[in-house]
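Only one structure is covered here, and it is reproduced in the block below.
The values are calculated or read from the model by the stated rules, or taken from the named source; none is laboratory data. Predicted, not measured: the structure shown is a model, and the values here were computed from it. In this analysis, Cβ positions are derived from the backbone assuming ideal geometry, glycine residues included, and neighbour counts consider all displayed protein chains.
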Amino acid sequence: MQSEEWFLEKEEQLDALADQKALHREEGVALIAAYRTALLEMMFEINDREVDLAALSALEYKPLNVIERVDYFSQDKFHFMRYQQMKTMRQELKKLKAVMEIRKKRNNK
């Protein structure tokens, strides 16, 4: 899983491109693709599973409407909104990871 610093660095780069209305350019599309891959890896790692988009609905820890949201930000259009959706989902995944870690600690007592 990518580090928090990695995500923050990519968000800074993507935010700058968004301000320039340049997310549709090659650099922006490549950064969005890398961010998407890292986000999916994060979601599956939280669930101790290998990345398999066909198994999204079977994940124990997942954001609401995960299938529709992943479908949306996997499309190659509406780059700004895709990025905003992924950014929001990352915050939700951080919260889900914290919940998961708390539950694991409680179960190990």
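Any idea which residue in region 47-65 is surrounded by the fewest Cβ atoms within 10 Å (Cβ to Cβ), counting only those that are assigned to a helix (DSSP H, G or I) and free of Cβ contacts under 8 Å to residues at least 12 places away in the same chain?
Top of the filtered list is ALA54.
Quick check on ALA98: is it of a type in the set (Gly, Ala, Ser), farther than 18 Å from SER3 by Cβ and either in contact with a Ser or Thr (Cβ under 8 Å, 6 or more places away or on another chain) or surrounded by fewer than 16 Cβ atoms within 10 Å (Cβ to Cβ) (or both)?
So ALA98 does not fit the description; no.
Which of the following residues is surrounded by 15 or more Cβ atoms within 10 Å (Cβ to Cβ), in a helix (DSSP H, G or I) and modelled with pLDDT under 95: PHE7, PHE73, PHE44?
That would be PHE73, the only listed residue that is surrounded by 15 or more Cβ atoms within 10 Å (Cβ to Cβ), in a helix (DSSP H, G or I) and modelled with pLDDT under 95.
So, in region 18-41, of the ones that are part of a helix (DSSP H, G or I) and within 13 Å of LYS87 (Cβ to Cβ), which residue ends up nearest to the chain's Cα centre (by Cα)? Explain how you work it out, then say what you get.
The first filter runs over region 18-41 and keeps only residues part of a helix (DSSP H, G or I), leaving 18-19, 26-41.
Applying the additional criterion that residues be within 13 Å of LYS87 (Cβ to Cβ) yields 18, 31-32, 35-36, 38-39.
Details: ALA18: 18, LEU31: 13, ILE32: 10, TYR35: 7, ARG36: 6, ALA38: 6, LEU39: 3 Å.
That would be LEU39.
Specify which of the listed residues (MET81, MET86) is farther than 20 Å from GLN2 by Cβ and of a type outside the set (D, E, K, R). Break it down stepwise before answering.
Numbers: MET86 fails: farther than 20 Å from GLN2 by Cβ.
Testing whether each residue is farther than 20 Å from GLN2 by Cβ and of a type outside the set (D, E, K, R) leaves just MET81.
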